[in-house]
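The values are calculated or read from the model by the stated rules, or taken from the named source; none is laboratory data. Here the structure is a predicted model, which means the values were calculated and not measured. Using ideal geometry, Cβ is built from the backbone for each residue, glycine included, and neighbour counts are taken over all protein chains shown. Only protein heavy atoms, including side chains, enter the accessible area calculation; ligands, DNA and RNA are left aside. Shrake-Rupley method; radii C 1.70, N 1.55, O 1.52, S 1.80 Å.
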Amino acid sequence: MSLPEEDLTCPVCCDIFTDPVLLSCSHSFCRTCLKRCWDTGMRECPVCRKKAPKTCPPSNLALKNVCEAVVEAKRNSIVVEDLTICCLHGEKLKLFCTVDKQPICVVCQSSKIHKTHDCSPIEEAVLDCKDELSISLKSLQDKLEELKRIHRTSADLFTHIKSQSMDAQKVIKNQFEELHQILKQEESARLVAVKKEEQEKIARMKDRTRELSAEVLCLAETIAMIQKELKEEDMVLLKNFKETHDRSKSIPLGSDMTGALIDVTKHLCNLKYRVWEKMLDHIDYTPVTLDPNTAHPCLILSDDLTSLHYSRQALSCPDNPERFHMSAEVVGMSSLGSGSHHWTVETESNQDWLLGVASLSVPRNCEVLARPENGFWTLCFRDGEFLAMTTPPASLTLSKIPKQIKVEVDYNKGMVSFYDAADDTCIYTFIHTFKESLLPYFYTQSSHPLRIMPQKVLVTMLRH
């Protein structure tokens, strides 16, 4: 009589025994299952918790032979199914139900289940299914490649983030060091000014003290002379009176010294504010700052993110979605909405550039023409010719080549204008109704830089 299968299963893995071993408590386990149990806890039976001897448990050969026989019998009992025969009707599968997506026989087609369904011959269905699976396979392969690309980009991003952090920290330290240096120089200058005034005032006080000492001595001598004359005989007094009287009148009356103290107010009045105001002479403010996360790998940006130039040696940049991948473009960091905005770009020797604005949603991973219908409103200079990038581009005639171009955006009026910054002569104006935010836009394939010019900071005090 054969044993039921539950008597041949290991209590740990609940599967038919593999290399069973027998414990002294009469419980059997797979050798590997028992080892895993003992590796994680006490050396005891996993079923009855009775302590087991330290020696290796013996193999249960009888049980092993029975289990192997059962496994072999199960393996031999498997019957190969004929996939071409309908399991319900025993007929050959000649049709394919396009609704239920399964092969059927002619009897199945006449049944209530498939009677209203469209069916096609097996041969046609095989071709159609292969075509459909091929399309699905291609789509899945494309998705896999895209996921692999994103995975590679993620790895690049980790490296680039660390590099960005180190570079940013370096620039911050350098700029603060410059500010510290300016403050130290200003501090030294003001301390020197106080010390200088102290020395000048002390020198004046010493001179005045010497003058007062001389005056005191002279006055004391005059007093002594008058006291002596008062003791002389009357005639002698009268003869010497004029000289004595004139001498007493010639001595000036001493006065207090004004302005002797240090002008503390001059040195301390609004000290922090005046130092800050003076620091503005050493600090640049640019209305537009370039966004390095959008820059094409062939564009080199300055540390302060205010200038760019082209390099044939591409930088190692991650393939992030914000970046321009196809041409040497970059945009500013701040989006432009309602109101007026303007900035000036120094072009100097650069002979290949586009300047202007671009919509926030312009594509970054494909090459599109810089035209208003594509979300670009730009002025172009190439091969010595100025072009307004309309559709088609309009050639512009200028009396001279500007060294600085001022870009002015009036979002509410829908105007983007370009001027020669030297004399404020208008070069060209686009008129358009904007429906989304704009970004300052820059393009160049020249090694000569384009530089955003700083603006003067004005301080206005509000008086109540």
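Some values worked out for this structure:
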| read-out | value |
| --- | --- |
| Test: Pro103 is surrounded by 13 or more Cβ atoms within 10 Å (Cβ to Cβ) and more than 30 Å from Asn320 (Cβ to Cβ) | yes |
| Conditions (1) open to solvent by 60 Å² or more (accessible area, probe 1.4 Å); (2) farther than 30 Å from Asp319 by Cα: number failed by Pro121 | (1) |
| Only one of Glu68, Glu91, Glu44 that is under 60 Å from the mean Cα position of the chain (by Cα) and either under 30 Å from Ile122 (Cβ atoms) or of a type outside the set (A, V, I, L, M) (or both) | Glu44 |
| Yes/no for Val330 being surrounded by 16 or more Cβ atoms within 10 Å (Cβ to Cβ) and touching a helix residue (DSSP H, G or I) at 6+ places or on another chain (Cβ under 6 Å) | yes |
| Filter pass, Ser165 being farther than 28 Å from Pro292 by Cβ, modelled with pLDDT of 90 or more and open to solvent by less than 80 Å² (accessible area, probe 1.4 Å) | no |
| Among the residues listed as Val368, Val362, the single one being among the β-branched types (Val, Ile, Thr), touching a helix residue (DSSP H, G or I) at 6+ places or on another chain (Cβ under 6 Å), in a loop (DSSP other than H, G, I, E, B) and under 22 Å from Leu308 (Cα atoms) | Val368 |
| Complete set of residues in segment 446-464 that are farther than 30 Å from Tyr273 by Cβ and either free of Cβ contacts under 8 Å to residues at least 12 places away in the same chain or in contact with a Lys or Arg (Cβ under 9 Å, 6 or more places away or on another chain) (or both) | Ser447 |
| Segment 164-192 residues that are farther than 12 Å from His282 by Cβ, paired with ones that are at pLDDT below 95 and open to solvent by less than 90 Å² (accessible area, probe 1.4 Å) (beta carbon under 7 Å, 6 or more apart) | Arg190/His267 |
| Residue under evaluation Glu367, criteria (1) surrounded by 12 or more Cβ atoms within 10 Å (Cβ to Cβ); (2) at pLDDT below 95; (3) acidic (Asp, Glu); (4) over 17 Å from the mean Cα position of the chain (by Cα), criterion not met | (1) |
| Filter result for the condition that a residue is in a helix (DSSP H, G or I), open to solvent by 80 Å² or more (accessible area, probe 1.4 Å) and within 30 Å of Thr306 (Cβ to Cβ), over Lys249, Lys266, Lys278, Lys239 | Lys278 |
| Number of positions in segment 220-234 that are in a helix (DSSP H, G or I) and either over 18 Å from Lys249 (Cβ atoms) or of a type in the set (Lys, Arg) (or both) | 2 |
| So Ser316, is it within 22 Å of Gln404 (Cβ to Cβ) and in a loop (DSSP other than H, G, I, E, B) | no |
| Qualifying positions in segment 313-326 - out of contact with any helix residue (DSSP H, G or I) (no Cβ under 6 Å at 6 or more places or on another chain), touching a residue at least 60 places away in the same chain (Cβ under 8 Å) and surrounded by 16 or more Cβ atoms within 10 Å (Cβ to Cβ) | Cys317 |
| Residue in segment 424-442 that is among the small types (Gly, Ala, Ser), open to solvent by less than 70 Å² (accessible area, probe 1.4 Å) and more than 20 Å from Leu290 (Cα to Cα) present | no |
| Tally of residues being touching a Pro at 6+ places or on another chain (Cβ under 9 Å) and more than 23 Å from Thr433 (Cβ to Cβ) across segment 388-420 | 1 |
| Some residue of segment 383-395 being within 27 Å of the chain's Cα centre (by Cα) and part of a strand (DSSP E or B) | no |
| Test for Leu379: is it surrounded by 11 or more Cβ atoms within 10 Å (Cβ to Cβ) and within 19 Å of Ser327 (Cα to Cα) | yes |
| Residues being open to solvent by less than 10 Å² (accessible area, probe 1.4 Å) and outside any loop (DSSP other than H, G, I, E, B) - total across segment 404-419 | 6 |
| Check on Phe158, closer than 30 Å to Lys266 by Cα, under 23 Å from the mean Cα position of the chain (by Cα) and part of a helix (DSSP H, G or I) | no |
